[in-house]
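The next block holds one structure in the form of structure tokens; read it before the comments.
The values are calculated or read from the model by the stated rules, or taken from the named source; none is laboratory data. As the structure is a prediction and not an experimental result, all values here were calculated from the model. All Cβ positions, even for glycine, are placed from backbone atoms using ideal geometry, and neighbour counts span all protein chains on display.
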Amino acid sequence: MSDKMDRKRLLTELGTRFRALREELKWTQQRLSARAGVSRDTIHRLERGEVVDASSLTRLLDAMGQRLVFEKKPALRAADVRRMFAEVHEDADL
């Protein structure tokens, strides 16, 4: 999968999760906009999976009592990769 597709999928997921959180709070985009000092259009773009700047995202999350957390992806070991692509590796049963 291309980097562009991965990025689009990530932005779409972010927008979906963000909208779900806002709706869980029972806030309209207008109410969140006023609380965060961010335009309603920015919220709309974020929820559609479009790019918004990090400072806007931070202000929105802060207004909702949330924060952004990064998780490290688990690293793949060489043996895992060989098993995943056994058809091209002779030593796949290691």
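Tally time: how many residues in region 25-62 are more than 14 Å from the chain's Cα centre (by Cα) and more than 16 Å from Glu13 (Cα to Cα)? Residues flagged as more than 14 Å from the chain's Cα centre (by Cα) and more than 16 Å from Glu13 (Cα to Cα) within region 25-62 amount to 23. Just one of the listed residues (Arg9, Arg31) is surrounded by 13 or more Cβ atoms within 10 Å (Cβ to Cβ), basic (Lys, Arg) and not in a loop (DSSP other than H, G, I, E, B), and it is Arg31.
Return a yes/no flag: does region 64-82 have any residue that is touching a helix residue (DSSP H, G or I) at 6+ places or on another chain (Cβ under 7 Å), modelled with pLDDT of 95 or more, on the phi < 0 side of the Ramachandran plot and not in a loop (DSSP other than H, G, I, E, B). The answer is no; no qualifying residue exists. Among the residues of region 54-84, those identified as within 26 Å of His44 (Cβ to Cβ) and among the basic types (Lys, Arg) are Arg59, Arg67. Among the residues of region 21-78, just one is among the polar types (S, T, N, Q) and touching a residue at least 40 places away in the same chain (Cβ under 8 Å), namely Gln66.
Could you tell me whether Thr58 is modelled with pLDDT of 85 or more, in a helix (DSSP H, G or I), buried (at least 16 other Cβ atoms within 10 Å of the Cβ) and of a type outside the set (Phe, Trp, Tyr)?
So Thr58 fails the test.
Any idea which residue in region 34-51 is surrounded by the most Cβ atoms within 10 Å (Cβ to Cβ), counting only those that are in a helix (DSSP H, G or I) and among the small types (Gly, Ala, Ser)? By that ranking, first place goes to Ala36.
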